[in-house]
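*Asks:* For reference, the structure I am asking about is given below.
The values are calculated or read from the model by the stated rules, or taken from the named source; none is laboratory data. Predicted model only: the values in this text are computed from it and were never measured. Note: ideal-geometry Cβ built from the backbone for every residue, glycine included; neighbour counts use all protein chains shown. Just so you know, the surface numbers come from the protein's heavy atoms only, side chains and all, with ligands and any DNA or RNA stripped out. Shrake-Rupley method; radii C 1.70, N 1.55, O 1.52, S 1.80 Å.
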Amino acid sequence: MLAVVGAIPDPDVPVTEGLADISSQGMTVGGLPVAPDRGTPALLAAAAAACATLSLPAPYAFLVGDEGLGHGSRALYRHLTDVLPGRRFSTLVFHYLMPDVMWHDKVLFAVEAMPERPRLIADAGFMYAAKMSGQAASYDLFTPDAGELAFLADETAPHPFYTRGFVLHEENRVPDLIARAYQGENAASTLLVKGGTDYIADATGVLFTVDGPCEEAMEAMGGTGDTVAGMAAALMESGRSASSAAWCAARANRLAGRLARPNPGSRIAEIIARIPEALRQALAEAPVP
């Protein structure tokens, strides 16, 4: 089973876990209504749509409220260290949590104590913590944007805010930054770099690129990078390699945008609604199984 871990911007939400239940009334996790507008809820809703399309069980979720002060994140870190050794998940995706190296390492130790080690995906704050801890190589997939890739490529930066100015993140430098991230051992086994052109890479270099179709309105929509990560997680759960899952997710996200025909006022839910059709088309086009 796939599990999704992350925070939502409501400090009143306690640590909550359960299956992502999607109906005509919306999405709930453990009875908690969760609006899939951006961030971890968007990732979770995209993963749920992809799992349904792939005939997989609905994803399980571990959520907490955190507006950026870290209190909720630490509570969820603590919960994960307590419960993960007794759980069975085949894929774990970690998303928005306040970066904390000590707690990241405790969670990673808890993962290693699980009955079967799951495949690991990290994005956003948890990806920062993975890099800062020196444990990036423990992960199967990172899904950074070009700015986050610059942080991974800077071997001395303790946080994205401190990425050195000479490590630029113009899109035409993405292959160089990918190589630098691997040289510094600050990248997962596979990278999906999201941007105007999406890059799928490993330590050998760029494997695939995806640059179409392109809907300009999606650039201004919050959550479009989150939906890519959610689909990639579901595809890895289905048994695809990280690189194949990344390509299919990047392509399907763009196809969903083309099908939805968004405008500047569109919401990410309109893209998510198109995932089943888009994902089926991407799978039929996939360069590798």
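*Asks:* For residues that are over 20 Å from Pro59 (Cβ atoms) and basic (Lys, Arg), scanning just region 235-280, find the one that is least open to solvent (accessible area, probe 1.4 Å).
*Replies:* Once the filter is applied, the top-ranked residue is Arg254.
*Asks:* Still on this model: Could you grab the pairs with beta carbons closer than 7 Å, sequence gap of 6+ or different chains, first residue in region 92-104 and farther than 10 Å from Met127 by Cβ, second one part of a strand (DSSP E or B) and open to solvent by 50 Å² or more (accessible area, probe 1.4 Å)?
*Replies:* So the pair list comes out empty.
*Asks:* Looking at (1) over 18 Å from Ala249 (Cα atoms); (2) surrounded by fewer than 17 Cβ atoms within 10 Å (Cβ to Cβ), which one does Ala20 not meet, given that it meets all the others?
*Replies:* In the conditions (1) over 18 Å from Ala249 (Cα atoms); (2) surrounded by fewer than 17 Cβ atoms within 10 Å (Cβ to Cβ), Ala20 misses (2) alone.
*Asks:* Determine whether Gly18 is over 12 Å from Gly230 (Cβ atoms), among the small types (Gly, Ala, Ser) and assigned to a strand (DSSP E or B).
*Replies:* In short, yes.
*Asks:* Could you please find all residues in region 187-218 being under 16 Å from the mean Cα position of the chain (by Cα) and acidic (Asp, Glu)?
*Replies:* If the condition is that a residue be under 16 Å from the mean Cα position of the chain (by Cα) and acidic (Asp, Glu), then Asp198 is the only one that fits.
*Asks:* What do you reckon, is Pro36 modelled with pLDDT under 95 and either surrounded by 15 or more Cβ atoms within 10 Å (Cβ to Cβ) or outside any loop (DSSP other than H, G, I, E, B) (or both)?
*Replies:* When the stated conditions are applied, Pro36 passes them.
*Asks:* Let me ask something additional. Please work out which one of (1) part of a helix (DSSP H, G or I); (2) closer than 14 Å to Leu141 by Cβ; (3) modelled with pLDDT of 95 or more is the condition Pro276 fails and give its number.
*Replies:* With (1) part of a helix (DSSP H, G or I); (2) closer than 14 Å to Leu141 by Cβ; (3) modelled with pLDDT of 95 or more applied to Pro276, the lone miss is (2).
*Asks:* Restricting to region 151-171, name every residue that is at pLDDT below 90 and in a helix (DSSP H, G or I).
*Replies:* Those that are at pLDDT below 90 and in a helix (DSSP H, G or I): Pro160, Phe161, Tyr162, Glu171.
*Asks:* Further, regarding this structure: What single numbered condition from (1) touching a residue at least 24 places away in the same chain (Cβ under 8 Å); (2) farther than 27 Å from Asp145 by Cβ fails to hold for Ala45?
*Replies:* So Ala45 meets the others, but not (2).
*Asks:* Might you let me know whether region 95-110 holds any residue that is aromatic (Phe, Trp, Tyr), open to solvent by 60 Å² or more (accessible area, probe 1.4 Å) and at pLDDT 95 or above?
*Replies:* Checked against the condition, which is being aromatic (Phe, Trp, Tyr), open to solvent by 60 Å² or more (accessible area, probe 1.4 Å) and at pLDDT 95 or above, region 95-110 yields at least one hit.
*Asks:* Among the numbered criteria (1) open to solvent by less than 10 Å² (accessible area, probe 1.4 Å); (2) modelled with pLDDT of 95 or more; (3) not charged (D, E, K, R), which one does Gly70 miss?
*Replies:* (2)
*Asks:* Is it the case that Thr204 is of a type in the set (S, T, N, Q), closer than 20 Å to Asp100 by Cα and at pLDDT 95 or above?
*Replies:* no
*Asks:* To continue, here is another question. In region 216-231, is there at least one residue being among the charged types (D, E, K, R) and not in a helix (DSSP H, G or I)?
*Replies:* There is no residue in region 216-231 that is among the charged types (D, E, K, R) and not in a helix (DSSP H, G or I).
*Asks:* Every residue in region 105-127 that is part of a helix (DSSP H, G or I) and either under 21 Å from Ala47 (Cβ atoms) or in contact with a strand residue (DSSP E or B) (Cβ under 9 Å, 6 or more places away or on another chain) (or both), please.
*Replies:* Val107, Leu108, Val111, Ala124, Gly125, Phe126, Met127
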